[in-house]
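Asks: First the structure, then my questions, so here it is.
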Amino acid sequence: MFGITDERQQTSTIPEDLFAELFTQVFGLEKTQLLLPQHLVEDIYGVSRFIDFALKTTTEKIAFEIDGLIWHVPDVERIADYENALLRQNSLIHQGWRVFRWTDRQVADEPEQIKEQLALFLERIPGLLEFDDFLPKQRGEFIELREHQEDALRALGELRANGKTIALLPHATGTGKTLTAIVDAKRLGGRTLFVVHTKDLVNQAVTKFEELWPEVACGRFLDMVHDTDEHVIVGTVQSISKNFASFKPDDFAYLIIDEAHHATADSYQQVLRYFKPRFTLGLTATPDRADGQSALEVFQNAAHRLSLREAVECGELVPIRCVRVETNVDLTKVRFNAIQYNRRDIEEAILVPGRDRLIVDTYLDHVRGRKAVVFCVNVRHGETLASLFRSQDIPARSVSGRMPTKDRQSALDEFASGAVRVLCACDLLNEGWDCPDVEVLFMARPTLSKVIYLQQLGRGTRKAPGKESLIVFDFVDNATKYNASLSLHRILGGKRYRSGGLLLGDAATMRAEQEALDRGEMPTQTLPVSIWATDFREIDVFDWQESVKGMISSSDLETELATAEGRIRDATKSGAVTADHELVLGERTYYYFRRERIDEIRIQLDLPKVDDESIRSRFLDFVERMDMTASYKPVMIRAIIDLVDGQGRARSEEVTRKFLDFYLRRQQAGLLVERPTAQMAEPDKLTLDMVRDVMLAKPFKIFEQRQFLLQDRHDLAFIRFAPSLWRQLKPEDLCAIKSTCETKIVAFYERLGGK
């Protein structure tokens, strides 16, 4: 709440301390210094008030209030105080403040929601969310203005060719520095902003621009003259810093700052942080400051940081490879708004054993032994995943902001030393922590916040000896187009969706890899379908498009042709089929094919035609010829038929129980249960989740591959017959199928020497 006069000039309350800690976790310790506690303001009647926290940026004034519940749900006796609080809030809004309010209970009990809201509310504020904790500075250099201007111009060109984006040019005699800057801007050709500190210098610079670059229009920005559309704008730093709304951050390709040694002044810092030109040139008479600090360092610190793309492409950050893991975990019913997912809904949808095992299996199959960070949904999720990793002999620990500082630091130290290979983190590592040799990130927590996503990404982008690239696994669950969580390719948008190639790197490396791809030397990827993953695809961090547009992965092709899992892959490895594109990821090779070749490959491998008309005959034939390396297929099919409803659906849990009951009854009767090495050989030792995974991993997946059965995409609690198959199956077909299953089961146990 807002206080009156100096009644709030006291030490902060516990909720306010908690809020400051949450702000730090989202934006970093350096940005927390921008918070102004107990900030004094006046309302519209001139009465002094205090804001819990104020935040003043280059473009906005923001107020944060942490109130007791009484301020939000007042009783009759306190209604006058409540109305007074509303007046104070309305006064702030009238004066141009953005006001955000939470209760002290929310700050104490729902910290993750508060952090997510902070990130989303403030992510568009220039200068606040530049992710300075992992993005490098502009690459800068001094340019010595030589006797001949052409030498200096040549040096500036070479500097840009070497990836430098910022430079300082010392004063020379006369107008040498201004002349050089104008000619260089003309040579670059883009829109130019020339910033000076006095009105007289504006007019001098405009005259010089009109003399040296007469082909373009030159405008002024000062006092009451606000030209904005001209190709060149010359303005005072005071006027520009107070009128950012007149420009977009990317309006200018070239930014020239006169008197750049004054870059520590607020007005200069605001200009440098707001605008994002391709090149920035500072003109200064004092390259060596009296305090011993280099003017170039001051200039770089004041300027906006490189973008992620710029930093990777110029080699300041490590290249990024990204694998999108498409799962069939259903997010379509998760409630959401523009700010966040409903916390309870997202936890119920995401915290499922199969998805957690997929995360661990992905690590084991593709990046085993590498240092990895897994970003988790909540503390419990982190602890569960760490335990799963340890069960597979991978040293892992969970970390969170709720841990005692000593325990948390111990976990981070063990990870830094290599004693721990995987950290399972609940938001703690979004900011303020640095371990350059992290090679792998698992984005296992769906988020709608670009801030949170990019801060997590920043934990792995730093360079380290022997680190070829950062590998990011984006777990993209089944959602609608309206509530899809953020992933790297959604955030950064690009031009290629390339399965397995280098997604972001310096120009030379990207060019070399593309040439290798063109020669067929770099494979592409889609990993095989597993229980919870519908596909794995490596994607370009800057695009939604597939790397090889119009191609289909081997696993998708197997589904398209309704053939066994691995059939296309094996045929390709043996040379019976030739892939159009390949990818190696870890020790595996994956294949892609042009879609127009689907029918050609079907004929080549002598596979039956797949359509709705043939599905009934194909299904009945498959059941009749069902191979039996285990008893699972007929046991599952019989259970489904016993439980199926009129829509061709059966509850997955009920099918699993009936599947398990078959083996438990055999065990209790003293009969042979299964082959000794089979997972169902000792059914009394398995949980229902474990049995469900056994059933879905093999028998169900085999029928799904042939498009006979599927998991209901709208409700994963059900498995069902394919609609086109169910429409054609008659009651007598179901009876015949059950009879065939009984026969298959008897024959299987007879072969094993049992009953």
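Asks: Between Ala747 and Leu212, what is the spin-label point distance in nm, taking each point 7 Å from the Cα along the Cα→C-beta axis?
Replies: 9.0
Asks: Between the alpha-carbon centers of the range 616-631 and the range 257-278, tell me the distance in whole angstrom.
Replies: When both Cα centres are located, 73 Å separates them.
Asks: Report, by chain and number, residues whose modeled amide H sits under 5 Å from the one on Leu470, excluding near sequence neighbours (fewer than 5 apart, same chain).
Replies: Counting only residues 5 or more places away or on other chains, the set is Ile320, Arg321.
Asks: Would you please give the FRET efficiency between Gln204 and Ala161, computed as 1/(1 + (r/R0)^6) with r the Cβ-Cβ distance and R0 = 30 Å, to the nearest 0.05? Numbers along the way, then the final one.
Replies: Values: r = 31 Å, r/R0 = 1.03.
The calculated FRET efficiency here is 0.45.
Asks: If you take the square roots of the eigenvalues of the alpha-carbon gyration tensor of the range 182-244 and sort them as a ≥ b ≥ c, do you get rounded (a/c under 1.5), prolate (a/b over b/c) or oblate?
Replies: Numbers: a/c = 1.91, a/b = 1.60, b/c = 1.20.
The shape class here is prolate.
Asks: Next question. Using the Karplus equation 6.51 cos²θ - 1.76 cosθ + 1.60 (θ = phi - 60°), what ³J(HN,Hα) coupling, rounded to whole Hz, does each residue of the range 371-384 give in order, writing x for Gly and Pro?
Replies: The phi angles translate into 6, 9, 10, 10, 8, 10, 6, 7, 4, 4, 4, x, 5, 4 Hz.
Asks: Give the peptides 692-702, 371-381 in descending order of average Cβ contacts within 10 Å, highest first. Could the numbers behind the result be given before it?
Replies: Working: 692-702: 20.8, 371-381: 22.9.
Output ranking for 692-702, 371-381: 371-381, 692-702.
Asks: Calculate, in nm to one decimal, what Arg380 and Ala717 gain on full extension: separation in residues at 0.36 nm each, minus their alpha carbon distance.
Replies: Details: separation 337, 0.36 × 337 = 121.32 nm, distance 2.33 nm.
So the extension gain works out to 119.0 nm.
Asks: Compute the semi-axes of the equivalent ellipsoid of the range 550-607, taking the square root of 5 times each eigenvalue of the Cα gyration tensor, and list them largest first in whole Å.
Replies: Values: eigenvalues 58, 29, 22 Å².
For the range 550-607, the semi-axes come out at 17, 12, 10 Å.
Asks: If you don't mind, another one. Computed over the Cα atoms of the range 651-715, what is the ratio Rg over Rh, Rh following Kirkwood?
Replies: In the range 651-715, Rg relative to Rh is 1.01.
Asks: Strictly over 20 Å apart at the Cα level, which of Lys573/Lys633; Lys633/Lys698; Lys406/Lys467; Lys164/Lys463; Lys115/Lys276; Lys609/Lys698 would you flag in this model? Before the final figure, lay out each step's value.
Replies: Values: Lys573/Lys633 28 Å; Lys633/Lys698 8 Å; Lys406/Lys467 29 Å; Lys164/Lys463 18 Å; Lys115/Lys276 27 Å; Lys609/Lys698 24 Å.
Among Lys573/Lys633; Lys633/Lys698; Lys406/Lys467; Lys164/Lys463; Lys115/Lys276; Lys609/Lys698, the Cα-Cα distance tops 20 Å for Lys573/Lys633; Lys406/Lys467; Lys115/Lys276; Lys609/Lys698.
Asks: Quick check on the exposure proxy: order Thr687, Thr284 from fewest to most C-beta atoms within 10 angstrom. Each step should come with its number before you reach the end.
Replies: Numbers: Thr687 10, Thr284 24.
Listing Thr687, Thr284 from fewest to most nearby Cβ atoms yields Thr687, Thr284.
Asks: Report the extension gain between Lys730 and Leu364 in nm, rounded to one decimal, defined as 0.36 nm multiplied by the number of residues separating them, less their alpha carbon distance. Walk me through the intermediate numbers first.
Replies: Numbers: separation 366, 0.36 × 366 = 131.76 nm, distance 4.50 nm.
Taking 0.36 nm per residue and subtracting the Cα distance, the gain is 127.3 nm.
Asks: For Ala416 and Asp621, FRET efficiency with R0 = 56 Å and r from the beta-carbon atoms, rounded to 0.05? Present the calculation step by step, with values, prior to reporting the outcome.
Replies: Values: r = 59 Å, r/R0 = 1.05.
About 0.40, to the nearest 0.05.
Asks: As an exercise, use a Förster radius of 60 Å and the Cβ-Cβ distance of Ala697 and Ile93 to find the FRET efficiency, rounded to the nearest 0.05. Write out the running numbers ahead of the final one.
Replies: Details: r = 57 Å, r/R0 = 0.96.
Efficiency, from the Cβ-Cβ distance: 0.55.
Asks: Once both labels are modelled 7 Å past Cα along the beta-carbon direction, what's the Lys186-Arg278 spacing in nm?
Replies: That separation, rounded to one decimal, is 1.8 nm.
Asks: What Kirkwood hydrodynamic radius do you get for the range 615-751 when you take the inverse of the mean 1/r over all pairs of distinct Cα atoms, in Å? List each step's numbers first, then the result.
Replies: Numbers: mean 1/r = 0.0658 Å⁻¹.
Evaluated over the range 615-751, this radius sits at 15.2 Å.
Values in this text are rule-based calculations from the coordinates and carry no lab data. Remember, it's a predicted structure, so these values are computed and weren't measured experimentally. Cβ coordinates were reconstructed from backbone atoms using ideal geometry, including for glycine residues, and neighbour counts include every protein chain displayed.
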